[in-house]
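The values are calculated or read from the model by the stated rules, or taken from the named source; none is laboratory data. Owing to the predicted nature of the structure, the values given are computational and were not obtained by experimental measurement. Cβ: placed from backbone, ideal geometry, glycine included. Neighbour counts: every protein chain shown. Heavy atoms of the whole protein, side chains included, go into the accessibility calculation; ligands, DNA and RNA do not. Shrake-Rupley method; radii C 1.70, N 1.55, O 1.52, S 1.80 Å.
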Amino acid sequence: MNSEVRALFPIAEHSIYFNHAAISPLPTPVLRAIEAQLRDVHENGSANYRSWLAVKEKARELIANLLGARPEQVAFMRNTSDALSTVANGLNWRAGDNIVTFSREFPSNIYPWLRIRDVYGVEVRMCEEREGRIDPAELESLIDGNTRVVAVSHVQYASGFRIDLERLGRVVRQHDALFVVDAIQALGVLPVNVESDLIDVAAGASHKWLLGPEGVGYLYLSDRARDRIQPTLVGWVSVPDPDDYLNFDQGWNRGTLAWETGTGASGLIHGLKASLELLGTFGAQKIGNYLEELTDYLCDRLKANKTYELVSSRAPGEKSHIVCIRPARGLSAMHLYHHLVERRIITAPRGDRLRIAPHLYNTSHEVDEFVKALP
């Protein structure tokens, strides 16, 4: 990526930032978009409210395009947890149902299903990690005729393992279950198509690979998922015409729009629109290709250092833009994290692993500096 892109990230002037799987620094255009909307409110109150709604609809369209979905199939939420919880709570659970997931999922994609287990007595089946991987056959073997939901991340936060969505989606569809994907560690830097991958539910938020602010999440529901899931948290904008204030007989809005309850975070959505437009100038495939090359280079450099074990699979179709390593002697991941912070290199400790997650403005020179700084 060229120097003009790098200039949009002032953090690069003083730090090596490899923690985009947690929170991405805001690019300058995103910050300016948020500031502009807040300044508009400061100076004009609600005078330009309709223009804010237009920005929201454009951001919805851009998210839908990234997913390969229709705009009315995408709702804005506060975060991934809200999106997955409303899906779990909106299904009509029956005795004997089961949910299939992965034991090392991020808690956002575990707690909603455990609550369903505790309330309804539904079984939660968990596939285990095998040497930094999910064994697709093992996961698929847990799915049967009583499975209502299969819930996994496209890319795992603590290993970087990338699952074959289309393969799993076919198996889920054969059992007439819903395929639920936590997309937060993938959308924007990996191509996704909810139709061809047979995804019924996709949830995520803007503050990681989408380069947006915290506080804006998204929920996609396929048509078949919408038929099975009811909105459980609704408000004045959950209907087709929110301005028809006293018409309480409208029914719920079309598609996933019924999941939007009320006034949203307009400034943050302005920022999200700006970040999606920035990413759109490159495209997920181009960004993904670049990050694959950069992380391949990182892994090649690490191979010479026997102090660290590479946890992440680098097999074709399984590797991603997240690389996790495990110190092999005497060092904890937390100690390693603090050692690097002192040298202005920002990563993330995740259990016994250190996670490295670069983005489109990072460089091979920064990778070299990272490897050089390892104790």
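Per-structure values
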item: Solvent-accessible surface (1.4 angstrom probe) belonging to Leu62, in square angstrom, nearest 10; result: 30
item: D (Stokes-Einstein, µm²/s), Kirkwood Cα radius, the stretch 66-176, 1.567 mPa s at 4 °C; result: 87
item: Net dipole in debye of the chain [+1 Lys, Arg Cβ; -1 Asp, Glu Cβ; about Cα centre; nearest 20]; result: 780
item: Cα convex hull of the stretch 1-132 - mean projected area over all directions, nm²; result: 13.2
item: Extension reserve of the Asp249-Arg115 stretch, reckoned as 0.36 nm per residue once the Cα distance is removed; result: 45.0 nm
item: Solvent-accessible area of Arg6 with every protein chain in place, 1.4 Å probe, in Å² to the nearest 10; result: 70
item: Selection of GluC sites (Glu not before Pro), the stretch 1-56, meeting DSSP coil and at most 15 other Cβ within 10 Å; result: none
item: Average accessible area per residue (Å²) across the chain - probe 1.4 Å, nucleic acids and ligands excluded; result: 43
item: The stretch 322-375: GluC sites (Glu not before Pro) falling in loop per DSSP and having at most 15 other Cβ within 10 Å; result: Glu342
item: From phi via Karplus (6.51, -1.76, 1.60), per-residue ³J(HN,Hα) for the stretch 231-245 in Hz, x at Gly/Pro; result: x, 10, 10, 10, x, 5, 9, 7, 10, x, 10, x, 6, 8, 4
item: Two-site label geometry, Asp144 and Thr28: point separation in nm, points 7 Å out along Cα→Cβ; result: 6.0
item: Gyration tensor (alpha-carbon) shape descriptor, the stretch 303-369, a/c threshold 1.5; result: oblate
item: Nearest-0.05 FRET efficiency for Glu4 and Glu214, computed from C-beta distance (R0 35 Å); result: 0.85
item: Cα-only Debye scattering, the chain: base-10 log of I(q)/I(0) at q = 0.07, 0.09, 0.10, 0.14 Å⁻¹; result: -0.32, -0.53, -0.66, -1.21
item: Calculated from backbone phi, Karplus (6.51, -1.76, 1.60) coupling profile of the stretch 322-333 in Hz, x at Gly/Pro; result: 10, 10, 10, 10, 10, x, 8, 9, x, 9, 8, 4
item: The stretch 217-286, dipole about Cα centre (Lys/Arg Cβ +1, Asp/Glu Cβ -1), debye to the nearest 20; result: 440
item: Stretch in the chain that is longest and holds no chymotrypsin sites (Phe, Trp or Tyr not before Pro) that DSSP places in a loop and that have at most 12 other beta carbons within 10 Å; result: 1-235
item: Calculated log₁₀ intensity ratio I(q)/I(0) where the Debye formula runs over C-alpha points of the stretch 151-199, q = 0.20, 0.21, 0.29, 0.31 Å⁻¹; result: -0.62, -0.68, -1.16, -1.27
item: Relative contact order, percent, the chain [alpha-carbon distance under 8 Å, six or more residues apart]; result: 23
item: Cα gyration tensor shape for the stretch 77-138, rounded if a/c is under 1.5, else prolate or oblate; result: oblate
item: Solvent-accessible area of Lys273 with every protein chain in place, 1.4 Å probe, in Å² to the nearest 10; result: 50
item: Among Ile163, Ala151, Trp209 - extreme Cα towards positive end, dipole of the stretch 102-209, charges at beta-carbon; result: Trp209
item: Residue-averaged 222 nm ellipticity for the chain, from DSSP H runs of 4+ at -39500 (n - 2.57), nearest 500; result: -11000 deg cm²/dmol
item: Of every Cα-Cα pair in the stretch 163-244, the percent that sits beyond 22 Å; result: 37
item: Under 5 Å, built H, 5+ apart or other chain: amide partners of Glu309; result: Arg326, Ala328
